[in-house]
Each structure stands twice: as C-alpha cells, then as structure tokens.
Amino acid sequence: MLRSGQQRSAQQRAGLPGWAFAPAALGAAFVVLPLVAVVVKVDWAAFPALVTSDASLAALRLSLVTASCSTAVCLLLGVPLALVLARCSFPGLRLLRSLVLVPLVLPPVVGGIALLYTFGRQGLLGSSLEVLGLRIAFSTAAVVIAQAFVAMPFLVLSLEGALRGRGTRYEQVAATLGASPSIVLRRVTLPLVLPGLASGTVLAFARSLGEFGATLTFAGSLQGVTRTLPLEVYLQRESDARGAVALSLVLVVVAVVVIVVTRGRRTEGV
Amino acid sequence: MRRLRLVALAVAGTAALLLSGCASSTPTGTASSTTTTPAGSPSSSSLVSTGTLTVFAAASLKSTFTTLGEQFEKAHAGVDVTFSFAGSSDLATQIQNGAPADVFASADQANMTKVVDAGLTAAAPVPFATNVLTIVTPPGNPKGVATFADLAESGTALVVCAPQVPCGAATERVEKATGVTLTPVSEESSVTDVLTKVESGEADAGLVYVTDARGAAGKVTEVTFPESSGAVNTYPIAPLSGAAQPELAKDFAAYVAGPDGRAVLQAAGFGAP
C-alpha cells in the first residue's frame, strides 16, 4: 500500500518508481564523496607552497606540454582515422574499428608493456630507431607516445559518432555543386561536426593529462623529463602525503573543468 | 509487482555480494578464527591455533616470505598465511589507515618507526635481515660497467630508485659516501621497476638490492661494488596490536627472525642483522 503510494507520487514527480531514488542517491554519493574527501584532506595553509614547489611545477609544466603534444598527435592521426571509419566501407572495417578502440578498455600498464615492445630498444621498431640515433625510452617523446596511445580512441570515438549522426546529405550536395573532396571536408564536413570534434579533443587532452600506467611502464620517471603530474602524485605519496593530496586536488579541478566544458558543448551542440 | 521484487532482490544480492567480497579479504571476517588455547600450554599455543594470518611485507621479501609462509603453514596445521607485498611506505600507510594486518615486515627502519609511533605494534620490532645495493646490467654487461663510478659515465643509461623510497635512500647514501654524482635517466618508485627496465634492456645499468639481483639471475648480470657496505638497509618485523591472531602473529615474527627464517633469507642473499 505504502509502496504503490510512493510509486504514484514518484511517477508524478519524474516518471520514476520511488525505489530508484535511494540507490541513485547512494550512487551519486559513492562518486562525489571521494572527491569531497580530497578537498577536506587538503592542508590549505601549506597548499600554495606545496603546489609551487620545484618538483610540482616541473611536473605541472611537463604535463601541460606533453598533453598538448599528444592531443596534437591525436588530432593529426585521429581525425583522418575517424573519417575513414565513418565514411568508408571495406572488408575488415568493423574489425579495424574494434582494434582502434582497444586502448580505451586496455589496462594502461598493458599499454605500457605493448609500447615498450614496439618502441623500446629491443622492440619491433626500436632497433631501427636506434640505428637512426633515436632513443625513445626515458625521453619526453615516450610520454607523448604513451598519452597519445591511450587518448586517441576518445577522439576517434566521439568524432566518428558525430560524423555518423550528421549523415552525408550536405556533403553530397556540395559534391554535386562541384566541390572537390578536400573542399567538402574543410567547408562542410568538419564545420558540421565541430562540437563533436571539440569535445573529443578536450577528452583526449584530459585523458593524456591523467595518463599514468603506460607512462610509468614505458617512459620511466625523472623530474622535468618524464615525471608528469600523476607520477609526481604517486611518488610524493611515498614521503609527503600532504603534497600528494595538494596535487591531487589540482587534477580533480582539471577534471571538473573538462567535464563542464565537454558537457556544455554537448548540450548546445548535438 | 513481481518485477519490482525481482529488482529489489537483484539489488540486495549485488549489495550482499559486494559486501561479502570485501569482507573475504579481511581475516576478521572468518568465523573459524577462534584460537582455542588450552591452559596447559601457554607458549606453544600456536600449535592449536587455526585461521588466517595476514602478513604485510616489503616487496623485496616476496620470494623468501612466500617460502617461509608455506613452511609455517606446514608446521602449524589449520593455519593459512596470506601476504600483501608492496612498497614499505605503502604498507605503513595502509596499516595506519586500519588495514587488517597481523604482522608487518618493513624494508627499512623509517617505515617501521611510523607504525611504532602510531602505537600499532604489539611488541618491539626485531631486525631480521639486512640488504645492500648492487649494480645490475643486461646479460653480458654490454657497457662494461665495473665500478660504482662507471655509472656516472654519460653514455650509460642508468635507472635508480627515487630518493623517496628505501632503495633510493640507500642509493643517495652511497652517492654521498663515494662523492660520485649519478645522473640517472629515470628514478623509479620501486626496486622491481628498476629491475624490469634493466631486464628488458631499456637501461644499461640499474641499482637494486643484492637479493633482487640474485632473484633475477640469468636475466641480468650482477656487478658488486665495495662501497655498497656504506648503505646497509635493515629489515625489522613486528606483530601488530590490531592483529586478529595475536599469538600466531608473534609466532610468525619469531619464526622469521629465528633459525628457519635465517636459512631461507640467507639463501636468497640477505645478510644477518
């Protein structure tokens, strides 16, 4: 009796059964509470000093530089890839799409091992690179490679989704009016999917910024060269928990900003 | 109605699964962990104790403690020894935050001191082993590293532990003692990370514990250096006050520090305390 009464009032409120609200609140608390815990744990008096220490600033600078570079790599390679996946049809396309998305679900440490055996000194490409005098391991380039590897699927996925959602009507019209494929791409296709491209780019940047496992496995950890913010947090935790918490808060804030930006884009765009 | 009940059942079931899943990792959850100690035998009470003993031990103790755990189980019927191997500072933090551990074995004094200062040990820590650093190179030592000073050569890609972790602190002490300034290409968070980078051939040389080098014999070449004696890490062990198995915890700590423990540790390359 009570149940049906609750259900009716819930349906009046939101079209949802009443029992859904308790677990929903629990689920929300489950996600939000740990973030609150970080904020509560921050030593505010020492916060400015902690996030502006040499090690922290070096890590912050390196993170911003590498995440920007890897986002650029994702754009250069990921946009054409998404176009091919969305607009072409050839045997093996579905398999290719699945493979491209693998880093999305792969544990990052596995990605790191895979990269090590590709670009490492004794890896598939490593020995050829060594002949050319290029040493990837333990360099900033290794960090960028690791980040681009894990971040690219985010860009490809959101851009491909946007492309498929838009269809090819306008492009066909443009083509019949005599526009070359390059002009169609530049003047019609990309402007149409700009919101999807933008949110994909922000997601890829955020994922790059948060990359940890593959970097640790593949690139090593040295201040100013390969030790990005997440690696700095991991190391500071060993000796100075307050520093680790302060830097964690910085990353939480970045994450919140990214979500706000991408959600905003999505609701106004698509 | 029926569907609602089904969903409620599923939710309850999932919650129960989650809870039991979490509980199974804590030894306190095992109902059979009653220690039936007869009044007659106070010191050898362990012989009749049953249940799960949870040991938090430094990562460098993995192979030796796994062996010792198996031997301890054989000598104590009904006892199940489980381990959590990780960096000593990680383990100390976990214990301070209420992790369910019966015994703590640290790779250095500093992290044991944290636990002692927090009032979480049931008895004074006992040193049971020592460890020193050694140089490891990929098999065959392609860069021809022969001395500690060779590690500072610019063409040698050197990987060490970060100063924040025990093996890195030891590396810093050797640097200070020898006056050699190292320029590593990477400072790793754990000694195993250093080892894997040398094993995979990414690094030309690494500084790890003697015991790690022995454990990876065949995959790396060991180059000992006399200056290593300037930084000896002492491993202490202590039963914890929050132990679900206080008697077993004391027995295990004594077992590790005793002759049986000594034999296994020595075979792996650990020094006497």
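No lab work stands behind these numbers, since they all come straight from the coordinates. Computed from a predicted model, the values in this text were never measured in an experiment. Note: ideal-geometry Cβ built from the backbone for every residue, glycine included; neighbour counts use all protein chains shown.
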Could you tell me the calculated FRET efficiency between B:Ala149 and A:Glu130, based on Cβ-Cβ distance and R0 = 25 angstrom, to the nearest 0.05?
0.40
Between A:Leu96 and A:Ala241, 0.36 nm times their residue separation minus their Cα-Cα distance comes to what?
47.8 nm
For chain A, what is the relative contact order in percent, using Cα pairs closer than 8 Å and at least 6 residues apart in sequence?
28
With a length cut of 20 Å (Cα positions projected on each helix's long axis) and a Kyte-Doolittle mean of at least 0.5, go through chain A and give me the DSSP H helices that pass.
A:21-41, A:54-87, A:140-166, A:194-210, A:241-268
What does the C-alpha gyration tensor say about the overall shape of the range B:131-273? Classify as rounded when a/c is under 1.5, otherwise prolate if a/b is larger than b/c, or oblate.
prolate
Between the modelled labels at A:Val105 and A:Ser180 (7 Å from Cα along Cα→Cβ) the distance in nm is 4.1
With both bridge residues required to lie in the protein assembly as shown, what share of the DSSP beta bridges run antiparallel, to the nearest 5%?
50
Note on chain A: alpha-carbon gyration tensor, axes a ≥ b ≥ c; rule is a/c under 1.5 for rounded, else prolate if a/b larger than b/c, else oblate; result oblate
Of the options B:Ala75, B:Phe56, B:Ala238, report the single residue whose Cα projects farthest towards the positive end of the charge dipole of the protein assembly as shown (beta-carbon charges: Lys, Arg +1; Asp, Glu -1).
B:Phe56
Residue-averaged beta-carbon neighbours from other chains (10 angstrom radius) around B:199-205:
5
Calculate the mean, over all residues of peptide B:155-167, of how many other protein chain Cβ atoms lie within 10 angstrom of the residue's Cβ.
3
Using the Cβ atoms and a cut-off under 12 Å, what net charge is assigned to the surroundings of B:Ala253, where Lys and Arg are +1 and Asp and Glu are -1?
-2
Looking only at other chains, what is the average number of their beta-carbon atoms within 10 angstrom of each beta-carbon in B:89-97?
1
Could you give the dipole magnitude of the protein assembly as shown about its Cα centre, charging the beta-carbon of Lys and Arg +1 and that of Asp and Glu -1, in debye to the nearest 20?
3120
About the Cα centre of the range A:46-268, what is the dipole size in debye to 20, counting +1 per Lys and Arg Cβ and -1 per Asp and Glu Cβ, all else neutral?
720
Where chymotrypsin sites (Phe, Trp or Tyr not before Pro) fall in DSSP loop in the range B:54-88, at most 10 other Cβ within 10 Å
none
